[in-house]
Amino acid sequence: MMNTKNVLYYGIFLASLIILPFFLNSDWVSVMTTFLIYSVVSLSQDIVLGRAGMFDMGHAIFFGLGAYSTAILNMVYGWPILATVPVAIILPIIASVLLAAPIIHLRGDYLLVTTIGFNIVFTQALKNNVFGITGGPNGIFGVEPLKIFNFSLSSQMSIYYLAFFILLLTLITIHNLETSKPGRALHYLNLDSLASECIGINTRFYRLYAFALSAALAGLAGVVFTLQFSAVSPGAFNFIQSVLFFTIVLVGGPSSIPGVLLGTFFMFVVPEMFRQFAEARYLVFGVAMILIMIWRPKGIWPVKFGKIPSYLTKE
Amino acid sequence: MALLELDNVTKIFGGLVAVDSLSISIDKGMIYGIIGPNGAGKTTVFNCITGVYKPEKGKIIFKDKDITGFSSHKIANMGITRTFQTIRLFNEMSVAENIMSGRHFKSKQKWWHGVIHTPFYYKDERENWVKVKEYMGLFGLTHLAKMTAGSQPYGIQRKIEMARALATEPELLILDEPAAGLNDKERLELVDTIERIRDMGVTILLIEHNMDLVMNITEYISVLNFGKKIAEGKPEDIQNNPVVIEAYLGKEDEDE
Amino acid sequence: MEIFFQQLVNGLTIGSIYALVALGYTMVYGVLKLINFAHGDLVALSAYIGLVIIMQLMGALSPTILIIATFIITIIITAIGGVVLERAAYKPLRKAPRLSAVVSALGASMIIENGIMLIWGPMPRIFPASVVPNTNYNIHGVYISLMQVLVLIISFILMVALYLFVNRTKLGTAMRACAIDQDAARLMGINVDKVIVTTFVIGSALGAVGGLFIGMYYRGIYFNMGWIYGLNAFVAAIIGGIGNIPGAMLGGMLLGIFNAFIAGYVSSSWSLALTYVLLIVIMIFRPTGILGERVAEKV
């Protein structure tokens, strides 16, 4: 149910992302690549946190599982990168359902704490080199680039466009979700779980659905993250990262695609711009987070409901 | 033959018997009322029927099937939907989206339609929105379609909630104090709406405090006090029943 | 058997510190239903403040007076910090969606953590060894240091005092009333705002004691230690039943002992992971904690 104005805005946004790398030096292309990847992770986090309203503060697990799947299968078992992609999507899905199933009935804060717990166990396991394949605290280095028909995507630019492609895919997926029965069900159960049950929504199923879909997207983002740095390490997926994704969604605007994109920009790219101020910028950032929440408790760009087909109001 | 039957249903909260061996039987197509003083356990009965609570004892039989202990969504999908005493709408969403939630089970979209839109998706989506349009028309809500449900006046919110429940195409509609907070005009409209819903072939079970409305509209009444059924019968019999007058009507007079 | 008792003593010491910090989380959660993510960082801050005071006054005062002065000044500054935190980051958001307050708490945590780093630098700081005399008592092969004795005794006194305050005083009763139903408490004439400020004062003061203990017992302090001590203490609060004051004390002790035994018998590299496995297991099987009560939703 996109109106022409929205199509235009998204067109401009995507077109500027396409031409952007030609105006940036390689450092900034790298920053923007990470921005695209983080946008995908944040949009996927938003499915669980914003849409379904479950306080998941362990989303970096699924991001990390995707990244590590690719790195391990490539480095330890010698798989080509392309072959690792399905695993990097399916493994996070399985993990998300297994982890979420026993806890999705928990009330907000309890869920939040448990997912923090999962995340800490996850990174500790990576650091302790479980099964001898995660490379311990230093992680895994030297992951091969993605090869498609003898063409190797190893340049900074090619990775940027790969990340762009993944973001595009995510935007389409989330648009489709938003305008479908499962997507609406997430909002319903978020706003009033009991009322949802009483009109026939299997809230448990849709809660797991939200986790599975968001884990799949986060896993996919993980693949590109591994390719960008040719490496993975536990620090990139620890629970502080989960806190970042969590905050991005809330600062930007839960359930709002432009909000989450803005949130990612604000929480990730803006600090990069102020690199010369080193660590002082995070202090300013803390202040900004508080002020934004006081000024706009529903995020910088809050969600607007009521996107209904126009024939509903016509006679 | 009975559409819904409660057989010795008992619900206990930490030693307090909220519903005590209640048996009622509701025939298809009728408007059935449950009345009783505050705290008599009426809403608890509704919560047991709709699977919000699981009764300790007894059976709930809907269309000859034992549904005791089923989850709420399963019961809703079998054809029982309800409204709430304190209105429970999806406040931030639009009126149309609220009513669309009632189409959830009837819509045949599968999980993958949340990821990929197939031709079937477009057909199904349109069919269900058209249904929403019908229900908005039925309740006179069309002009409010895009408005936020939570910001509507009380009377409109009641209508939205009923439209949402009706959009599930239930066989049994349970209304928990539908007239609470309505003014005289709205109450008259409500009587009209309830009768129209009944004429659509939907059986109605309601709790109501407003005596005029209950006596006016229902065909059969059970009276609850302290979780126990103390009387049942046609409205005129209930009105003249001394036990009821003592337990309920008398007390109601004191309040006013 | 000696390892067992040695780890028990170590566990009770760490457990007391966890309990002191956990009380701050649980009291705020009880009254505001908010996870005060900045509490751990306030604890870290108090350790740094304590270190500054000790370095300034060492030599000028006798050791006993020095310790007492350090505690008093640090407690006062941290308590003020707690109140400022509440006024600036939480009070403006009392009516906002719950998650907004969580983000605000995370923002406050970032401010304190990075503030500490800007002032004292990213490298760990070390408490001087001689603040508390390094005396050890040997009881049948189990070593107990004077510091451990101090931690155990002071924590015990503080917890008993808190218990009496909450259960025997008017303000304590008001606090319990606010924890059950803030609106009803307000209608009964309780000054909810005063209760909230008191909660932050007491919580921060206990946290300050915890922070000083961390500094004097472990000696090494670092700018982001608030997260890890804070999280452990928070887990302790949940194990006991969040919002429940005796629960936080019990949870702290249990977690301390659990940690010590894992470190003593299994491996220290898995200690952190196993702590959170314990948390997850409790969340799955008894989400309201050991002493918490189940609350039913009104329909």
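Where a number appears in this text, it was derived from the coordinates with a stated rule and is not lab data. This is a predicted model, so every value here is computed, not measured. As a convention, Cβ positions derive from the backbone with ideal geometry for all residues, glycine included, and neighbour counts pool all protein chains shown.
Report the full-extension gain for the segment B:LYS63 to B:LYS28: residue separation times 0.36 nm, less the Cα-Cα distance, to one decimal in nm.
The span from B:LYS63 to B:LYS28 would gain 11.6 nm if fully extended.
Where does the Debye-calculated log10 I(q)/I(0) of the protein assembly as shown sit at q = 0.06 Å⁻¹, using only Cα point scatterers of equal weight, no solvent?
Per q value, in the given order, log10 I(q)/I(0) is -0.48.
Rank by packing, highest mean first: peptides B:54-64, A:17-27, with packing defined as the count of other Cβ atoms within 10 Å averaged across residues. Walk me through the numbers on the way to the answer.
On the way: B:54-64: 16.6, A:17-27: 12.0.
The densest-packed peptide leads the list: B:54-64, A:17-27.
Where a ≥ b ≥ c are the square roots of the eigenvalues of the C-alpha gyration tensor, would you call chain B rounded, which needs a/c under 1.5, or, failing that, prolate if a/b is larger than b/c, or oblate? The partial results should precede the final answer.
Values: a/c = 2.10, a/b = 1.50, b/c = 1.40.
Prolate shape, in that a/c is at least 1.5 and a/b is the bigger ratio.
Could you sort A:151-161, C:191-201, A:48-58 so that the peptide with the highest average Cβ count within 10 Å comes first and the rest follow in order? Mind showing how you got there, number by number?
Values: A:151-161: 15.5, C:191-201: 18.7, A:48-58: 26.5.
Per-residue Cβ counts within 10 Å, averaged per peptide and sorted highest first, yield A:48-58, C:191-201, A:151-161.
Once you have the Cα-Cα distance between C:ALA129 and C:SER268, take 0.36 nm times their residue separation minus that, and quote the gain in nm to one decimal. Display every interim value, and only then the final one.
On the way: separation 139, 0.36 × 139 = 50.04 nm, distance 2.45 nm.
Computed gain between C:ALA129 and C:SER268 is 47.6 nm.
Using a 7 Å offset from the Cα along the Cα-to-Cβ direction at both C:TYR143 and A:VAL76, what is the distance between the two label points in nm, to one decimal?
Those two pseudo-labels are separated by 3.9 nm.
Using the Cα centre of chain A as origin and beta-carbon charges of +1 (Lys, Arg) and -1 (Asp, Glu), tell me which of A:LEU168, A:VAL269, A:ALA231 is placed farthest towards the positive end of the dipole.
A:LEU168
Over chain C, how many pairs of lysines fall under 15 Å by alpha carbon, counting only those 8 or more apart in sequence or from different chains? The partial results should precede the final answer.
Details: C:LYS33/C:LYS91; C:LYS33/C:LYS95; C:LYS91/C:LYS194; C:LYS170/C:LYS194.
Lysine pair count for chain C: 4.
For region B:133-256, what proportion of DSSP beta bridges, expressed in % and rounded to the nearest 5, is antiparallel?
Bridges in region B:133-256 are about 50 percent antiparallel.
Between A:SER152 and B:TRP111, what is the FRET efficiency for a Förster distance of 35 Å, r being their Cβ-Cβ separation, to the nearest 0.05?
Calculated value: 0.45.
List the residues, sorted by chain then number, that are 5 or more residues from B:SER94 or on another chain and whose placed amide H is less than 5 Å from its amide H.
Result for B:SER94 returns A:GLY306, B:ALA149.
Could you check the simple spin-label distance between B:ASN8 and A:LEU169, using points 7 Å along Cα→Cβ, in nm with one decimal?
My value for the distance between the label points is 6.0 nm.
Hey, got a sec? Which chymotrypsin sites (Phe, Trp or Tyr not before Pro) in region A:65-119 land in a DSSP loop and have at most 11 other Cβ atoms within 10 Å?
Working: sites: A:TYR68, A:TYR77, A:TYR110, A:PHE118; in loops: A:TYR77.
Passing sites in region A:65-119 are A:TYR77.
In chain A, which whole DSSP H runs stretch at least 20 Å along their own axis (Cα) and average -1.0 or higher on the Kyte-Doolittle scale?
Counting only whole DSSP H runs, the qualifying helices are A:4-19, A:26-46, A:60-75, A:81-100, A:108-127, A:156-178, A:203-229, A:280-295.
To the nearest whole number, what is the average tally of beta carbon atoms from other chains within 10 Å of the beta carbons of peptide C:277-287? Display every interim value, and only then the final one.
Values: counts 5, 1, 7, 11, 3, 4, 10, 6, 1, 0, 9.
So the per-residue partner count for this stretch is 5.
What value, in deg cm²/dmol to 500, does the helix sum -39500 (n - 2.57) over DSSP H runs of n ≥ 4 give at 222 nm once divided by the residues of chain B?
-10500 deg cm²/dmol
If a/c stays under 1.5 just call it rounded; otherwise compare a/b with b/c (prolate if a/b is bigger, oblate if not). Do that for region A:181-272, with a ≥ b ≥ c from the square roots of the Cα gyration tensor eigenvalues.
Because a/c hits 1.5 or more and a/b exceeds b/c, region A:181-272 counts as prolate.
Would chain A count as rounded, prolate or oblate if I go by the C-alpha gyration tensor, calling it rounded below 1.5 in a/c and otherwise prolate when a/b exceeds b/c, oblate otherwise?
rounded
Please give the calculated 222 nm ellipticity per residue for chain C, where each DSSP H segment of at least 4 residues contributes -39500 (n - 2.57) and the sum is spread over every residue; nearest 500 deg cm²/dmol? Before the final figure, lay out the partial values.
Details: 11 runs with 211 residues, N = 299.
The helix contribution divided over chain C gives -24000 deg cm²/dmol.
Take every DSSP beta bridge whose two residues both sit in chain B, then give the antiparallel share in percent to the nearest 5.
55 percent
Calculate the mean, over all residues of peptide B:111-123, of how many other protein chain Cβ atoms lie within 10 angstrom of the residue's Cβ.
Mean partner shielding for this stretch: 5.
Is there a simple number for the mean count of other chain Cβ atoms within 10 Å of the Cβ of residues in B:64-75, and what is it?
Details: counts 0, 0, 0, 0, 0, 0, 0, 4, 11, 11, 3, 3.
Partner Cβ neighbours, averaged per residue: 3.
To make sure I understand the rule: partners must be lysines, Cα under 30 Å from the Cα of A:LYS127, and not fewer than 8 residues away in the same chain. Which ones qualify?
The reachable lysines, counting only those whose Cα sits under 30 Å from A:LYS127, are A:LYS147.
Give the long-range amide H neighbours of B:LEU224: residues separated by 5 or more places, or on another chain, with amide H under 5 Å away, using H modelled in the peptide plane at 1.01 Å from N.
Long-range HN contacts for B:LEU224: B:ILE35, B:GLY36, B:ILE230.
Set the Förster radius R0 to 60 Å, insert the Cβ-Cβ distance between C:VAL277 and B:LYS234 as r into 1/(1 + (r/R0)^6), and round the FRET efficiency to 0.05.
Details: r = 63 Å, r/R0 = 1.05.
About 0.40, to the nearest 0.05.
Applying a 10 Å radius around every beta-carbon, put B:211-223, B:144-156 in order of their mean neighbour count, most first.
Sorting B:211-223, B:144-156 by mean packing, highest first, produces B:211-223, B:144-156.
Ignoring everything except DSSP H segments at least 4 long, calculate the 222 nm mean residue ellipticity for chain A; use -39,500 (n - 2.57) per segment, divide by total residues, nearest 500.
Details: 13 runs with 202 residues, N = 315.
My calculation for chain A gives -21000 deg cm²/dmol from helical runs alone.
Just to be sure I understand the model, the point goes 7 Å from the Cα along the line to the Cβ. What's the resulting B:TYR122 to B:LEU16 distance in nm?
Between B:TYR122 and B:LEU16, the label points sit 5.7 nm apart.
State the antiparallel share, in %, of DSSP beta bridges confined to the protein assembly as shown, rounding to the nearest 5.
65 percent
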